[in-house]
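Please read the structure below before turning to the comments.
Read-outs: derived from the displayed coordinates by stated rules, not from any lab. Quantities reported herein were computed from a predicted structural model and do not represent experimental measurements. Cβ: placed from backbone, ideal geometry, glycine included. Neighbour counts: every protein chain shown.
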Amino acid sequence: MCEGEITVPAAVLENIAGWVPPRVVANAELPAAWGVDDPWVRRRTGIATRHWAGPGVTTGDLALTAAGKVLASSGRPPLDAILVASSTGDQPMPAMAPWLATRLGYGGVAAWDLSAACTGFVYGLASAVGLLTCGVARRVLLVAAEVYSTLVHPDDRGAGVVFADGAAAVLLRAAGPAEPAGTASYGRVLGFDLGSDGAERELIQVAAGGARERAEPGRFGPADRYFRMRGREVFQHAVTRMTESSAALLARTGWAAADIDRFVTHQANARILTAVGERLDVPSERHVTNIERVGNTGAASIPLALADAASRGELRAGERVLATAFGAGLTWGSTALVWPELPPVEPVTAPLAD
């Protein structure tokens, strides 16, 4: 909690946009050396296509496009802070957010990156809400963006079939004095449950590329600069942590599973999504998912799924939304909100061909 008098009672999500690079990679186009086919990938992951950035396209480029879309749709309002959630930053230093702010025409505002892997959007949302509810900011832009195609080793079939590239951006504002925290105003962010477990950090990691590699020369090889994941163990942790976090937040908000209108998990793997939904007793028809079309886009996956659903008219103002994520760190988190009345949201992807 912030110290001192809380000058703003709540935060409201007022707009959203998503973007994926135009290159579509179907399962049939995956490298022959991986020895996979479309039925195998669909059965194990639920993914039919994913989007990969082309040569020279970076995470910052995707973030710029998604952020530009949400700001244009909102009339380019004044901002007090810009946050970027990503684990595939363009470079170790400096952060992407100040560059993004300047490119967007908001040079001078507070801007920083945060890294919580696939939980990055939920952690970023909590950070943005904290700024708003402490009176530090009146409007915050949160962008989640990843270019995982640059982080997956060319020989890593397990990660290669799952991970993809994409970005999404949300605009949040402080609730006004006529919007007390106890009301059910559209767009209101109601709460969070956040957690981590550093003892399991090696389950998902990029071992090299940071200070540890420079401090211990000779310890790491070229392959250590790529993403590694112990899939079976991660599956169990992901299901358990997202289920427990969601249940804790439901208890805190006073919602029952039956009260959830729309449920969106980090789009990691269709089997994980199904398992978490079953444990929470949330019917599949209430799930928000686009993993079949875009794959696992890391920190961008939850807002990208929400933007996609909004563009298709699958989310209605006033619906109660529960979102939950899990990622490297280990990190996990959940958030509850009431869906806002939005201006038209542009499509994120085209429908799958029959």
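Things worth noting here:
- Simple spin-label estimate for ARG252 and GLU341 gives 2.9 nm between the two label positions (7 Å along the Cα-to-Cβ direction from each Cα).
- Antiparallel bridge percentage (DSSP; both residues within region 11-174; nearest 5): 65
- The chain: most fluctuating residue of ASP38, ASP308, ASP61 per GNM, C-alpha cutoff 10 Å: ASP38
- Sorted fewest first by neighbouring Cβ atoms within 10 angstrom, TRP332, TRP40, TRP339, TRP34 come out as TRP40, TRP34, TRP339, TRP332.
- Using a simple spin-label model with pseudo-atoms 7 Å out from Cα toward Cβ, GLU213 and THR274 lie 3.8 nm apart.
- Over every Cα atom in region 68-149, the radius of gyration and the widest Cα-Cα span, Dmax, amount to 12.3, 38 Å.
- Listed from fewest to most Cβ neighbours within 10 Å, the set THR265, THR243, THR59, THR253 follows the order THR253, THR243, THR59, THR265.
- Only one residue of PRO77, ALA309, TRP99 has its Cα farthest out toward the positive end of the dipole of the chain, where Lys and Arg carry +1 and Asp and Glu -1 on Cβ, and that residue is TRP99.
- Computed from Cα positions, the angle between helix 270-280 and the longest principal axis of the chain comes to roughly 40 degrees.
- With the simple model of a label 7 Å out from the Cα in the direction of the Cβ, ARG225 to ASP261 spans 4.8 nm.
- Dipole moment magnitude, nearest 20 debye, region 11-174 about Cα centre, only Lys, Arg, Asp, Glu C-beta charged: 440
- Along its principal axes, the chain has C-alpha extents of 60, 44, 40 angstrom, given from the largest down.
- Structural descriptor for region 11-174: relative contact order 35 percent, calculated from alpha carbon pairs under 8 angstrom and at least 6 residues apart.
- Distance distribution P(r), region 257-333, all Cα-Cα pairs, bin width 10 angstrom from 0: 19, 56, 24, 1 percent.
- In region 140-230, the convex hull through the Cα atoms has an average projected area of 9.4 nm², a quarter of its surface area.
- Two-decimal log10 I(q)/I(0) for region 189-338, as the Debye equation yields it once each C-alpha is a single scatterer, q = 0.09, 0.10, 0.14 Å⁻¹: -0.32, -0.39, -0.69
- Assigned charges on the beta-carbon of Lys, Arg, Asp, Glu; the chain dipole about Cα centre (debye): 180
- The GNM of the chain, with springs linking C-alpha atoms under 10 angstrom apart, assigns the highest mean-square fluctuation among PRO31, PRO77, PRO283 to PRO77.
- Rounded to 0.05, the FRET efficiency of the ARG44 and ARG76 pair, given R0 = 51 Å and the Cβ-Cβ distance, is 0.75.
- The alpha-carbon positions of region 11-174 define a convex hull whose volume is 114 Å³ per residue.
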